[in-house]
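Colleague: This is the structure I have questions about; it appears just below.
The values are calculated or read from the model by the stated rules, or taken from the named source; none is laboratory data. Everything numeric in this text was worked out from a predicted model, so none of it was measured. Please note: Cβ atoms are built from the backbone with ideal geometry, for glycine as well, and neighbour counts cover all protein chains shown. What goes into the accessible areas is simple: the full protein's heavy atoms, side chains included, and nothing from ligands, DNA or RNA. Shrake-Rupley method; radii C 1.70, N 1.55, O 1.52, S 1.80 Å.
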4 protein chains.
Amino acid sequence: MIVAMQENATEEQIDAVIDVMLESGVNVHRTTGAMQTILAAVGPTAGLDLSKFEVLPGVLNVHRISAPYKLAGRAFRPHGTTIEFPNGAVIGGEQVAMIAGPCSIENHDQIFAIAASVKVAGGKFLRGGAFKPRSSPYAFQGLGIPGLKLMREAADVNGLATVSEVMEIAQIEAMLPYVDCFQVGARNMQNFNLLRELGQVRKPVLLKRGIAATIEELLLSSEYILSGGNYDVILCERGIRTYETATRNTMDISAIPVLKKLSHLPVVADPSHGTGRRDMVAPMAKAAVAAGADALLIEIHPNADKSVSDAAQTMYLEDFARLTAELRTIAQAVGRTL
Amino acid sequence: MIVAMQENATEEQIDAVIDVMLESGVNVHRTTGAMQTILAAVGPTAGLDLSKFEVLPGVLNVHRISAPYKLAGRAFRPHGTTIEFPNGAVIGGEQVAMIAGPCSIENHDQIFAIAASVKVAGGKFLRGGAFKPRSSPYAFQGLGIPGLKLMREAADVNGLATVSEVMEIAQIEAMLPYVDCFQVGARNMQNFNLLRELGQVRKPVLLKRGIAATIEELLLSSEYILSGGNYDVILCERGIRTYETATRNTMDISAIPVLKKLSHLPVVADPSHGTGRRDMVAPMAKAAVAAGADALLIEIHPNADKSVSDAAQTMYLEDFARLTAELRTIAQAVGRTL
Amino acid sequence: MIVAMQENATEEQIDAVIDVMLESGVNVHRTTGAMQTILAAVGPTAGLDLSKFEVLPGVLNVHRISAPYKLAGRAFRPHGTTIEFPNGAVIGGEQVAMIAGPCSIENHDQIFAIAASVKVAGGKFLRGGAFKPRSSPYAFQGLGIPGLKLMREAADVNGLATVSEVMEIAQIEAMLPYVDCFQVGARNMQNFNLLRELGQVRKPVLLKRGIAATIEELLLSSEYILSGGNYDVILCERGIRTYETATRNTMDISAIPVLKKLSHLPVVADPSHGTGRRDMVAPMAKAAVAAGADALLIEIHPNADKSVSDAAQTMYLEDFARLTAELRTIAQAVGRTL
Amino acid sequence: MIVAMQENATEEQIDAVIDVMLESGVNVHRTTGAMQTILAAVGPTAGLDLSKFEVLPGVLNVHRISAPYKLAGRAFRPHGTTIEFPNGAVIGGEQVAMIAGPCSIENHDQIFAIAASVKVAGGKFLRGGAFKPRSSPYAFQGLGIPGLKLMREAADVNGLATVSEVMEIAQIEAMLPYVDCFQVGARNMQNFNLLRELGQVRKPVLLKRGIAATIEELLLSSEYILSGGNYDVILCERGIRTYETATRNTMDISAIPVLKKLSHLPVVADPSHGTGRRDMVAPMAKAAVAAGADALLIEIHPNADKSVSDAAQTMYLEDFARLTAELRTIAQAVGRTL
């Protein structure tokens, strides 16, 4: 951390800042320039609250010069993290992984039809929601554990791994037998208690970026899971809120190469939530693979218009099959397979 | 809901849209213009998912023409809602209410010193955090119920009502004896299960706007609580995320008059979180009262720089006393008391 | 335009709104529902200022139901616009066009070296700045017309078309002999006098999206040029301002398919300005082509680090050659050439 | 400027960064830590392009530690700038200045009626537009110089100073006899040629914040004018673009105290453009004065609904008179007059 003092800061002000820095447990290196005094913190700065120093009298600005995350940083594993699943599928390797399924698991026929489609298209991951955070109290709330059982069966028949969203700590234990990967939704990206608990689990976690979260905040949230000893975290870009209203969110495709540069963790893109519109899923899925995504997360349904949730952004199974074929050539164009 | 078709939409496309509308449980009025066909939904449109119609072939755009909330709307109670507390204090009346306290309840002496300050300044509400959602796993996590007991005692001695944040459904029951008002934090604004549960409680709820939530979304969240029969909801503006970095958030002062126009619910402003900087709390508190806020929520601490959390935005007790005096004249200038 | 009245709107309020609508030159269709009265404007609504109606007493909300642009709309030319240049190059056809060059034309050797590189890589457009809008008064301000002459020579030798930014109406005439396409920068996207004047020119215009402009505003600005009779407009996505700071701007890749759907005009992507970082240009260029861009605009320089302007986002010539080869396979994967 | 290297940066990378720094004309102080090497630039860093260093291999991040503006900084004139006008009015002193007038000067009767209203209300500044940047080619484009003559007469009769927007360098000379203060609109905030030219003028300049401009960018733009020797610059907050759609822009009231802290220049607030709605002007005007604004800029018209431009945000004269009286008590409450 570097604290830059104002040009007219007094010696008393400088001393007061130094005192607060020392109390915070760091050593201080002072550089007294002709114009400006600079105080550099040396030592354990990762947990420091910078804003605490910004409001001290005489301070001009404060900057963090080391990344606030360690375990998530690229330097921790320069060659990148690859995550293996029980069905042999890998995320983070040469092959771009396809994760697909319905917003909500609805019934036996729906999830089995979808699982078969995923397999035929060459996908290796089935994703379905069993616990739904719905904005209307009258909307479908999910099938819960019985839904997860259905998904597990459908996945096993087709050799797929399963992904499902966990919303509360209390659900983790019950979900363990049925899911191969826990998804943390955008609204829970900073539910630190949940993240900490998932750090104790020994199954991969797919962590979605919050709708107004910065890339740095996403990496800080992943650090919570990593610091518990669970190194199998997948980061997910799914659209951020901007002033543009033509799409529900603005999908930040540039987050993909930025995350790949800053971190060793695999990156998955969710063009369904990222655009909110079925007709935009295909071009944005292609863009994501072209930009370096390690996996895609796509909502599909045999009767998309009748999906009990997220109908507008859900693809039909035949459109999904066509998209997968097109994505294969994009993947090859960037030196990968799918 | 109005569905406007594209100029070149075919009869089949129009019929298909009408079918989906009818299946959604509304009646359809069709207007066939020289240029464009318009379909108006008549009936229960509040729960309709507009985006479902936007992606149908031939559709140009879809608009909601009635507000998606009913109970929160100004028309429901044109003269506004006033909320009375056991200590006789009122929010939503002529008097601007002052709610103040520490980010975290730390110990007996701290909370008693603060409570005494609030009383001396003329405030009637003591707010303190007992369950803290911290971004670092190593940070102070709050005193829990013992902290709430301390706050209750300190409040009773000084004739104050208490406000504290509830983070999970499981905490509600345990908090009931100690709090006069439940606060829902910005990160939980769309935790619909929690909101629904608070709709069953018969104590007021202070609902904070999410960091990237629109005013409409805030009102929709309040509708969750109201629809459970709990009409005592207070809406809170606490800063939104924008591209500007000079302040931690951008406090949306205009949300105050907009909310007062759209809704009958009282509005509280939180300049501490809204700015994130101690030196900006006073001007923004004044601005909020001038713009029509019914209450202020301010973080104070006898030793602000040493506060275990949110130090940068916490005021010293003596600065708070001075601010309260200044706010009194602002309140009078807009026809109110404080 | 649809004006939805509040539920408790009075007859006088409704009549007053109808009067203002009639004065604005449209006919009014009134629908009186059990809950709500709806007023629909029939006639020439394109120029109406909606906010004028929103503030009238008793009005709940106002929606535009026809697109505010006509000539730019997809319906005007369902099969899309293709633009031919004197050197035989086409933008908007099957082939993805490559437009490249330096931020600023600096001297003979620089622009000739770059032009040769563009040709070798298979590009057909040379872009260079001669009039620079610089944020520092001490920075290089561009070579002006002599610079354009150099670029014209370098382009002709290599069979390239030229693109350069026009900043003021007064420059148009002087630039005409040297440029095949006028570029309008992001800061001038709503310089309506300049746009109107370019509508009288009979050379293509490349119109950049403003840093905080919506997709609709971009299309409205293009309408200015089109309405003057100049139908050869190319729309350019170059990044928008959001809360994210990891990249200089957030490149809105989804704007590409959205613009292709709403409009018949070709779309070019500028990953150099869109990211502001040399190391992000390649992945975002690939993403843009995968998402359907008709052309790319890329800043290159033989000695990028020493470029007199925009050094951080400028690619080296050898990196550009490699990128072009990689883009060719992406283009093929989406059924195009490059 | 501080350049922080990555933990695994090589000696060659560090040397390469030092070379680029030296070439940029600064001296370099190197600190080699156990974990990280830090390079500090000493010397003339104001004009440095930080992004140029960010993309160099081995660099983790780059921070500016001195403010990029000098003349606009509070340290340059700790006691603040006050600007006197020929009619004796002052901006930046104890009295809050009221600047009011129509969006467009329309005719003799309109501008004389408005000027009389301003005088009666106690205002000392008449603002009117003569050159209009309109978004529609068919909209009223302003009366030009004849309009300014009318405004000058109306102002002189009532002892008012005049303010009008300048849109191009070519207009400055012609406007000089008629205006006491040049206004630079939000779209021209980064029209650096215009700013530089206004630096040569010896009349005050009212500089509006761009719709997506940061506070730092506004101060940098003011520096352009100041560096030409024109120290009479007034900064104007007029709303920024955010994701919120309930208001046209989000008026950033917190920019007022932040600007007052960072700079010595007076700050004016424009609640008319800041909200875009007539019914929000009064509460936001009060908020601005309470937060420390030195002046207000308000659009008024004897027949606001019929104003040829900006009708929705224009106040009626009688509402303006009432607002002025209410603002007087707010001004007193913050220790000022009006």
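Colleague: Does the stretch D:6-42 hold any residues that are more than 14 Å from chain C (Cβ to nearest Cβ), over 25 Å from A:Glu216 (Cα atoms) and open to solvent by 50 Å² or more (accessible area, probe 1.4 Å), and which are they?
Modeller: D:Glu11, D:Glu12, D:Asp15, D:Asn27, D:His29, D:Arg30, D:Thr31, D:Thr32, D:Val42
Colleague: Can I ask one more? Please go through the stretch D:85-102 and give me each residue that is buried (at least 23 other Cβ atoms within 10 Å of the Cβ) and not in a loop (DSSP other than H, G, I, E, B), ordered by number.
Modeller: Hits for the stretch D:85-102 are D:Ile91, D:Ala97, D:Met98, D:Ile99, D:Ala100, D:Gly101.
Colleague: Moving on to the next point. Residues being within 11 Å of chain B (Cβ to nearest Cβ), open to solvent by 50 Å² or more (accessible area, probe 1.4 Å) and in contact (Cβ under 8 Å) with a residue 40 or more places away in the chain: count how many of those fall in the stretch A:168-227.
Modeller: 3
Colleague: Sticking with this structure for a sec: For the subset of the stretch A:289-307 comprising residues that are touching a residue at least 40 places away in the same chain (Cβ under 8 Å) and under 22 Å from C:Gly335 (Cβ atoms), which member is nearest to the other protein chains (Cβ to nearest Cβ)?
Modeller: Filtering the stretch A:289-307 for residues touching a residue at least 40 places away in the same chain (Cβ under 8 Å) gives A:289-290, A:292-302, A:307.
Next, only the ones that are under 22 Å from C:Gly335 (Cβ atoms) stay: A:289-290, A:292-293, A:296, A:298.
Values: A:Val289: 7, A:Ala290: 4, A:Gly292: 5, A:Ala293: 10, A:Leu296: 12, A:Ile298: 15 Å.
Ranking the candidates gives A:Ala290 first.
Colleague: Also: Look at C:Pro78 and say whether it is farther than 24 Å from C:His273 by Cβ, away from every other protein chain (no Cβ under 13 Å) and modelled with pLDDT of 90 or more.
Modeller: Details: farther than 24 Å from C:His273 by Cβ: yes; away from every other protein chain (no Cβ under 13 Å): no; modelled with pLDDT of 90 or more: yes.
Here the answer is no, as C:Pro78 does not meet what is asked.
Colleague: Taking the stretch D:308-338, which residues are among the polar types (S, T, N, Q), within 9 Å of another protein chain (Cβ to nearest Cβ) and either open to solvent by 30 Å² or more (accessible area, probe 1.4 Å) or not in a helix (DSSP H, G or I) (or both)?
Modeller: Keep residues of the stretch D:308-338 that are among the polar types (S, T, N, Q), which gives D:309, D:313-314, D:324, D:329, D:332, D:337.
Restricting the remaining residues to those that are within 9 Å of another protein chain (Cβ to nearest Cβ) gives D:309, D:313, D:329, D:332.
Selection gives D:Ser309, D:Thr329, D:Gln332.
Colleague: For the condition in contact with a Pro (Cβ under 6 Å, 6 or more places away or on another chain), buried (at least 23 other Cβ atoms within 10 Å of the Cβ) and away from chain A (no Cβ under 14 Å), what is the one hit in B:Ile253, B:Ile234?
Modeller: B:Ile234
Colleague: For A:Glu197, work out the one condition from (1) touching an Asp or Glu at 6+ places or on another chain (Cβ under 9 Å); (2) over 27 Å from A:Ala312 (Cβ atoms) it doesn't fulfil.
Modeller: (1)
Colleague: Quick check on this structure: which one of C:His79, C:His63, C:His29 is over 30 Å from C:Thr337 (Cα atoms) and either in contact (Cβ under 8 Å) with a residue 40 or more places away in the chain or in contact with a helix residue (DSSP H, G or I) (Cβ under 6 Å, 6 or more places away or on another chain) (or both)?
Modeller: The unique qualifying residue is C:His63.
Colleague: Across the stretch A:145-167, what is the total count of residues that are open to solvent by 10 Å² or more (accessible area, probe 1.4 Å) and over 22 Å from the mean Cα position of the chain (by Cα)?
Modeller: Within the stretch A:145-167, the subset open to solvent by 10 Å² or more (accessible area, probe 1.4 Å) is A:145-146, A:149-150, A:152-153, A:156-159, A:165, A:167.
Those left that are additionally over 22 Å from the mean Cα position of the chain (by Cα): A:145-146, A:149-150, A:152-153, A:156-159.
The total comes to 10.
Colleague: Between a residue in the stretch B:318-338 that is among the basic types (Lys, Arg) and any residue that is open to solvent by 10 Å² or more (accessible area, probe 1.4 Å) and outside any loop (DSSP other than H, G, I, E, B), which pairs come within a Cβ distance under 7 Å, given they are 6 or more apart or on different chains?
Modeller: B:Arg336/B:Gln95
Colleague: Keeping to the stretch A:197-226, report how many residues are in contact with a helix residue (DSSP H, G or I) (Cβ under 7 Å, 6 or more places away or on another chain) and among the hydroxyl-bearing types (Ser, Thr, Tyr).
Modeller: Narrowing the stretch A:197-226 to residues in contact with a helix residue (DSSP H, G or I) (Cβ under 7 Å, 6 or more places away or on another chain): A:197-199, A:201, A:205, A:207-211, A:215, A:219, A:221, A:224-225.
Narrowing the set further to residues that are among the hydroxyl-bearing types (Ser, Thr, Tyr) leaves A:221, A:224.
Count: 2.
Colleague: Please go through the stretch C:287-338 and pick out each residue that is more than 12 Å from C:Gly101 (Cα to Cα) and touching a Leu at 6+ places or on another chain (Cβ under 7 Å).
Modeller: C:Ala288, C:Val289, C:Leu327, C:Arg328, C:Ala331, C:Leu338, listed by residue number.
Colleague: Now for a separate question. Sort through D:Glu54, D:Glu84 and tell me the only one that's acidic (Asp, Glu) and within 26 Å of D:Gln171 (Cβ to Cβ).
Modeller: Details: D:Glu54 fails: within 26 Å of D:Gln171 (Cβ to Cβ).
The unique qualifying residue is D:Glu84.
Colleague: Would the stretch A:270-278 turn up any residue that is assigned to a helix (DSSP H, G or I), at the interface with chain C (Cβ under 7 Å from one of its Cβ atoms), open to solvent by 10 Å² or more (accessible area, probe 1.4 Å) and at negative phi?
Modeller: Within the stretch A:270-278, the subset assigned to a helix (DSSP H, G or I) is A:271-275, A:278.
Checking which are at the interface with chain C (Cβ under 7 Å from one of its Cβ atoms) leaves us with A:275.
Filter once more, keeping what is open to solvent by 10 Å² or more (accessible area, probe 1.4 Å): none.
Checked the stretch A:270-278: no residue is assigned to a helix (DSSP H, G or I), at the interface with chain C (Cβ under 7 Å from one of its Cβ atoms), open to solvent by 10 Å² or more (accessible area, probe 1.4 Å) and at negative phi.
Colleague: Now for a different question. Which residue, of B:Gln13, B:Gln110, B:Gln36, is more than 18 Å from A:Ala312 (Cβ to Cβ) and in contact (Cβ under 8 Å) with a residue 40 or more places away in the chain? Reasoning before the result, please.
Modeller: Working: B:Gln13 fails: more than 18 Å from A:Ala312 (Cβ to Cβ); B:Gln36 fails: in contact (Cβ under 8 Å) with a residue 40 or more places away in the chain.
When all the criteria are applied, what remains is B:Gln110.
Colleague: If you check A:Leu297 against the conditions, is it in contact with a strand residue (DSSP E or B) (Cβ under 7 Å, 6 or more places away or on another chain), buried (at least 24 other Cβ atoms within 10 Å of the Cβ) and not in a helix (DSSP H, G or I)?
Modeller: On the way: in contact with a strand residue (DSSP E or B) (Cβ under 7 Å, 6 or more places away or on another chain): yes; buried (at least 24 other Cβ atoms within 10 Å of the Cβ): yes; not in a helix (DSSP H, G or I): yes.
Yes.
Colleague: For the stretch A:54-65, indicate whether the set of residues that are touching an Asp or Glu at 6+ places or on another chain (Cβ under 8 Å), among the polar types (S, T, N, Q) and either within 14 Å of chain B (Cβ to nearest Cβ) or surrounded by 14 or more Cβ atoms within 10 Å (Cβ to Cβ) (or both) is non-empty.
Modeller: yes
Colleague: If I go through the stretch D:52-90 residue by residue, how many of them are out of contact with any Ser or Thr (no Cβ under 7 Å at 6 or more places or on another chain), more than 30 Å from D:Ile18 (Cα to Cα) and not polar (S, T, N, Q)?
Modeller: Total satisfying the criteria: 12.
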